[in-house]
Each structure stands twice: as C-alpha cells, then as structure tokens.
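First up is the structure itself, then whatever we jot down about it.
Here, each number is a calculation from the coordinates, and none is a lab measurement. Please read these numbers as outputs of a predicted model, since none were measured by experiment. Don't worry about glycine lacking a Cβ; one is built from the backbone with ideal geometry, like all the others, and counts go over all protein chains shown.
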C-alpha cells in the first residue's frame, strides 16, 4: 500500500496520527494513537457493496440529490458507514449509520453544489 500522506491530528483532546494510503485502488485512511495502536480504518467503498439498511438512511436524506462518497469505518468490532451527499436543495450532508441503518450522526454543511 503506497502511503500518500501522514498527518498529526487532535481528536477529543488526544493526539492521533492519520495515514492516507491506497488499498485495492481506493482511498484508505488509518488512524493510530501515539502508542501506535490502530484506532480506526476508513475505506472508500462502492455504495452497492454496503448493507441495504445502511444505504436506506443516506438515500432518504439525499432526497433526490447525489451521494458523492461512501466510506466504511471500522473501529474494533464496530462498523459504521458514512455517506457524503448533496441534497437536491444543494445542502451538503454527511450521514453516519450502522449496518442495521441506525443513525449515528448527521452533519449538515453549507449550501453549495461543488
């Protein structure tokens, strides 16, 4: 896996290191704590590859707009899916939900169709 970047970030007051790579031709991000323990893996995935329940919430939230990217986030045994989208009214939104479609978070962004 070729490494494209390494960055130092602070999440919740704790230092983390994020390593950006390409895995199987798709972007991947691995987060580690300062002791080198793997905290989370973010893989870019095809929307059709995620469970139906996990697809339903972002599709409903997009309301006829466009889902731009879907990521699978794994932390320990927990798996979440995050969809970045632009709703038909132009509002950017990120929805994070579980394999069963239980919404973890919704983040609304600026109205912009970029």
### Query
Per 5 Å bin, what is the whole-percent P(r) computed from every C-alpha pair distance within the chain?
2, 12, 19, 20, 19, 16, 9, 2, 0
### Task
Would you mind checking the tilt of helix 52-62 against the longest principal axis of the Cα atoms of the chain, expressed as 0 to 90 degrees and rounded to 10?
60 degrees
### Query
Gap in Å between the Cα centre of the range 17-34 and the Cα centre of the range 56-76?
20 Å
### Summary
Binned at 5 Å from zero, the C-alpha pair distances of the range 1-44 give percents of 6, 25, 31, 23, 11, 4, 1
### Query
Roughly what would the spin-label model give for residue 16 and residue 34, points 7 Å off Cα along C-beta, in nm?
1.6 nm
### Label-point separation, residue 88 to residue 6 (7 Å along Cα→Cβ), nm
4.8 nm
